[in-house]
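Single-structure report; data block below.
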Amino acid sequence: IGMELGSVYQGLGTEVTVVEFMDKIMPFTDGEVSTYMQKFFTKEGFKFMLGHKVVGGSVGSNSAKVIIENNKTKEKKELEADIVLVATGRRPYTSELKAADFGVKMDKAGRIEINDHLQTSLPNVWAIGDVVKGAMLAHKAEEEGIAAVENILGEKGHVNYNAIPGVIYTHPEIAFVGKTEEELKQEKVAYTKGFFPMIGNSRARAMHDADGFIKVLADKKTDKILGVHMISPVAGEAIAEAVLAMEFGASSEDVARTCHAHPTMSEAVKEACLGAHFKPIHFQSFTLIQNSKKKKKKKKK
């Protein structure tokens, strides 16, 4: 949310400084996504104070001051701004529900405890959305709502939490689903990676909007898609294909062999899957052409 609103203000001509406790922006995203977007936002004029925390502040009549501290050196610095946006996360708003008063168990974070069927400690009470564990996303809550009603009716309601997409509405947009590369390394999962830059996509280049890339992570043995991460003008739309593929347990080859209309930005997803399974077509060709031209120039000399 901080980067979304920050990019809006920056686009209107505001000087934006981002104070982040972690050593990288959007720390929950894939590492390559975070690194790319930090470079992109810096080029756009953002200033970043990474590895800092807010330890104090004051609000005046026309401005506000924030005191930040470096996590490593403990050095303090005062920042003054016209507007301070606090976007440090969200918490469940459950205090007014009084759920604990009639026997519903709560966890330490103030969320309602549920089992795998979205059922609370009271067998006739179900809970979904922001008041339970998991990502605080409207579309996640919607799927839980459907599953909860199915379970109430005695059916087999289920939510695949590994196939819940996330979207950050900056420009370009950022979207992701499944595991990050860092998570796979930590879990010691052998994987292959397909990477396709949007500059290799004809539709993006024709629109002069070719920042970003598509990244696909697949199981090295089975080729099953484990995670997809993308930066593009239409990432929020394009991620749906990746979510559908993961929901049905598709391999990167399945998507790579699926015909995509040309010219569209969705072709970049196909190309990234080709990269995970074998190698992309158009970006590889583009690279070879560029290299061959350089070699010819050297011969003329």
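The values are calculated or read from the model by the stated rules, or taken from the named source; none is laboratory data. Everything numeric here is computed off the predicted structure, so don't read it as measured data. No Cβ is skipped: glycine too gets one built from the backbone with ideal geometry, and neighbour counts run over all protein chains shown. Each accessible area value is taken on the protein alone, full model and side chains, heavy atoms only, with ligands, DNA and RNA left out. Shrake-Rupley method; radii C 1.70, N 1.55, O 1.52, S 1.80 Å.
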From most to least accessible, 1.4 Å probe, no ligand or DNA/RNA atoms counted, C259, C273 line up as C259, C273
Env charge @ D82, Cβ radius under 13 Å, K,R +1 / D,E -1, value -1
Residue-normalised accessible area of the stretch 38-179, expressed per residue, 1.4 Å probe, Å²:
65
I want to verify a result. In a Gaussian network model of the chain, Cα cutoff 10 Å, which of these has the top mean-square fluctuation: P280, P92, P123?
P123
Loop only per DSSP, at most 16 neighbouring Cβ atoms within 10 Å: give me the trypsin sites (Lys or Arg not before Pro) in the stretch 1-57, ordered by residue number.
K24
For labels at S58 and D107 in the simple 7 Å Cα→Cβ model, what's the distance in nm?
4.0
In percent, how large is the relative contact order of the stretch 1-141, given Cα pairs closer than 8 Å and 6 or more residues apart?
14
Sorting R111, R257, R203, R90 on solvent-accessible surface, 1.4 Å probe, most exposed first, gives R257, R90, R203, R111
Hey, for a label at I83 modelled as a point 7 Å past Cα toward Cβ, could you say which residues of the stretch 11-39 have their backbone N under 13 Å away?
11-17
Long-range amide H partners of M49, meaning residues 5 or more apart or on another chain whose placed amide H is closer than 5 Å, are V18, V19, E20
Near the amide H of S251, under 5 Å away, which other amide H atoms are found, from residues 5 or more places off or on another chain, if H is placed in the peptide plane?
I225
Size of the dipole of the stretch 73-160 about the Cα centre, Lys and Arg at +1 and Asp and Glu at -1 on the beta carbon, nothing else charged, in debye to 20?
360
Got a number for carbon plus sulfur as a percent of the stretch 41-158's accessible area, 1.4 Å probe?
52
The stretch 34-51 - phi-based ³J(HN,Hα) in whole Hz, Karplus 6.51/-1.76/1.60, Gly and Pro as x
4, 5, 4, 6, 5, 5, 5, 5, 4, 5, 7, x, 5, 10, 10, 10, 8, x
Rounded to the nearest 10 Å², what accessible area does E187 show when all protein chains are kept and the probe is 1.4 Å?
90
Under 5 Å from the placed amide H of G57, counting only residues 5+ away or on other chains, we find I67
What does the charge count around E142 come to, taking other residues whose C-beta lies under 14 Å from its C-beta (Lys +1, Arg +1, Asp -1, Glu -1)?
-3
Candidates [x] 6, 26, 26, 21, 15, 6, 0; [y] 6, 21, 26, 25, 16, 5, 1, 0, 0; [z] 4, 14, 16, 14, 11, 6, 4, 4, 4, 4, 4, 4, 4, 3, 2, 1, 0, 0; which is the computed P(r) over Cα pairs in 10 Å bins from 0, in percent?
[y]
Applying the Karplus parametrisation 6.51 cos²θ - 1.76 cosθ + 1.60 with θ = phi - 60° to the phi angles of the stretch 90-102, what ³J(HN,Hα) value in whole Hz is obtained for each residue in order, glycine and proline being reported as x?
10, 9, x, 9, 10, 4, 7, 6, 6, 4, 5, 5, 10
Rounded percent of accessible protein surface that carbon and sulfur make up, the stretch 171-216, 1.4 Å probe
52
Hey, got the dipole for the stretch 1-140? About the Cα centre, +1 on K and R Cβ, -1 on D and E Cβ, debye to the nearest 20?
280
How do T180, T73 rank by accessible surface area computed with a 1.4 Å probe, from largest to smallest?
T73, T180
